[in-house]
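Heads up, the thing below is written out as structure tokens.
The values are calculated or read from the model by the stated rules, or taken from the named source; none is laboratory data. This structure is a prediction, so every number in the text was calculated from the model and none was measured. Here the Cβ positions follow ideal geometry from the backbone for every residue, glycine too, while neighbour counts run over all protein chains shown. These accessible areas exclude ligands, DNA and RNA; they are computed on the full protein's heavy atoms, side chains included. Shrake-Rupley method; radii C 1.70, N 1.55, O 1.52, S 1.80 Å.
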Amino acid sequence: MQWDIPAPVRLVLDRLEENGYAAYVVGGCVRDLLMGRAPHDWDVTTSARPEETKAVFSDLRVIETGLKHGTVTVRVDDRNVEVTTFRIDGAYTDARHPDSVTFSDRVEEDLARRDFTVNAMAYSPKRGLVDAFDGRGDLEKKVLRCVGDPDERFGEDALRILRAARFAATLGFSIAPEVAEAMQDRALSLTRISAERVASELLKLLRGKDAERVLVEQADVICTVVPELRLLRGFEQKGAMYDCDAYTQTARCVGAMERDALLRLAMLLLHCGKPATHVHDAQGNSVYKNLYAVSGVIAQNVLRRLKLSNDMIFGVSTLIVACGKPIPDTRKRVKQDMNELGELNYVRLMKIKRAEAASFVKGTYDISDKLLFAYRQFDEVLVCDEPYTLKTLAVTGRDVRRFCKTPEGVGQTLQLLLDAVLDDPAKNERETLIRLAKEINDTAEPA
């Protein structure tokens, strides 16, 4: 196969070798190369100690990234190359980081400390591939196995539990039975991991091509990091639209959505309010009152706890609440929703409606014609450059202020003018709107 290593990384490997040290690219980049994928990150492992690595690259900028763990970063051209000494990890008392490390001269000992066999391979242009744990065989089988005992690996670093689920979702791998069992047994230890790291892995998992399958297979793990989903498991839903519990339907919602982090996160939390809002109608079917408003509040709490950005929190919760709006059935309603949500969120909302519809029993909730109408009207509004916000009115607050009896009347007048323009875009001319503003205030009741 072709080992296409970027020039800056190759320079680091070659110079270490020229100075008498063994050097390999290691981990995920080797896995990706063997899978025919372009690696995003390149890590180098070497027999050189940190001080020796610094001496080899004394003519370049070297950053002491983590000397305690044997890591320095070499700046080559415009690229940072992380270089770590072969090492053996000590105990992990915090379920995340080794208390100490011992440097080694053997790459095999370094590989033995890694999480999964597919990530425990190293390659050197000079020395070839080192695969002490049959990672290449597991790649071919598309199975995720731990290096050594899974319970020990997850006991060392609990985040590996969520990483296993993420790799299964993104790579399309199955999880070996003994690994899945250890993940379930150790799931509660994820509560000791920082919210930021959990959120990062969860978002990567949700973007995976096999996210739906993994959400179902690893429900114990997912419900540990998002306990608000736990009540959805086994939550029975009555009616022709339903053939599964609320948690399985949530997984379907995620799988039906394009692989965008914000949108898939919205789908994951879209129905989290079902247990709190569930009632039965006269026929005994499941009905959810104010589902999306309740789910929106729960989503805000979840995302704040995961310490996601304010933009992500606002974006997800806004879309979930907006899902309670009916699909617009007139051009004016389309423009009103565009005004309220903005162009981007309007499109996102339609995507959420479509993905949610796909989670129900086929043929019981067909909204394709309604969605097609809403999309077409949206496109035509943009193509025709029809006004749909206060900013697009041909007048401003200053223009109508002289007609208004109170300061509050300015905003009220502009809203009424916008409503008139939404009905008839041809009215969006300065003279026409000035006349309408005068008429509105002439007929208004005195303050």
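Structure notes:
- Residue in the stretch 289-305 that is nearest to residue 228 (Cα to Cα), counting only those that are touching a residue at least 40 places away in the same chain (Cβ under 8 Å) and open to solvent by 10 Å² or more (accessible area, probe 1.4 Å): 298
- Residues in the stretch 147-181 that are small (Gly, Ala, Ser) and under 22 Å from residue 121 (Cβ atoms): 148, 164, 165, 168, 169, 172, 174, 176.
- Residue check, residue 221 within 20 Å of residue 151 (Cβ to Cβ), in contact with a Leu (Cβ under 9 Å, 6 or more places away or on another chain), open to solvent by less than 90 Å² (accessible area, probe 1.4 Å) and assigned to a helix (DSSP H, G or I): yes
- Residue match in the stretch 438-445 (condition: more than 42 Å from the chain's Cα centre (by Cα), surrounded by fewer than 14 Cβ atoms within 10 Å (Cβ to Cβ), part of a helix (DSSP H, G or I) and among the aliphatic types (A, V, I, L, M)): no
- Among the helices (runs of 4 or more DSSP H) confined to the stretch 334-417, the ones with at least 3 residues that are touching a residue at least 24 places away in the same chain (Cβ under 8 Å), of a type outside the set (Phe, Trp, Tyr) and surrounded by 13 or more Cβ atoms within 10 Å (Cβ to Cβ) are located at 343-358, 368-383.
- Within the stretch 53-73, tally of residues that are in contact with a helix residue (DSSP H, G or I) (Cβ under 9 Å, 6 or more places away or on another chain) and closer than 15 Å to residue 19 by Cα: 3
- Where residue 72 falls short, out of the listed (1) touching a Pro at 6+ places or on another chain (Cβ under 6 Å); (2) assigned to a helix (DSSP H, G or I): (2)
- Lone qualifier among 136, 163 - being in contact with a strand residue (DSSP E or B) (Cβ under 9 Å, 6 or more places away or on another chain), open to solvent by 40 Å² or more (accessible area, probe 1.4 Å) and closer than 21 Å to residue 211 by Cβ: 163
- Residue match in the stretch 395-403 (condition: aromatic (Phe, Trp, Tyr) and within 20 Å of residue 325 (Cα to Cα)): no
- Top-ranked residue in the stretch 1-28 [being surrounded by fewer than 23 Cβ atoms within 10 Å (Cβ to Cβ) and of a type in the set (Phe, Trp, Tyr); ranked as modelled with the highest pLDDT]: 21
- Taken over the stretch 29-63, the criterion of being loosely packed, with under 15 Cβ neighbours inside 10 Å and either in contact with a strand residue (DSSP E or B) (Cβ under 7 Å, 6 or more places away or on another chain) or not acidic (Asp, Glu) (or both) is satisfied by 35, 36, 37, 38, 40, 55, 58, 61, 63.
- Residue within the stretch 67-76 that is modelled with pLDDT under 95, closer than 21 Å to residue 193 by Cβ, of a type in the set (D, E, K, R) and open to solvent by less than 70 Å² (accessible area, probe 1.4 Å) present: no
- Residue match in the stretch 83-102 (condition: surrounded by 13 or more Cβ atoms within 10 Å (Cβ to Cβ), in contact with a helix residue (DSSP H, G or I) (Cβ under 6 Å, 6 or more places away or on another chain) and more than 21 Å from residue 130 (Cβ to Cβ)): yes
- Qualifying residue in the stretch 205-222 (condition: in contact with a strand residue (DSSP E or B) (Cβ under 8 Å, 6 or more places away or on another chain) and of a type in the set (D, E, K, R)): yes
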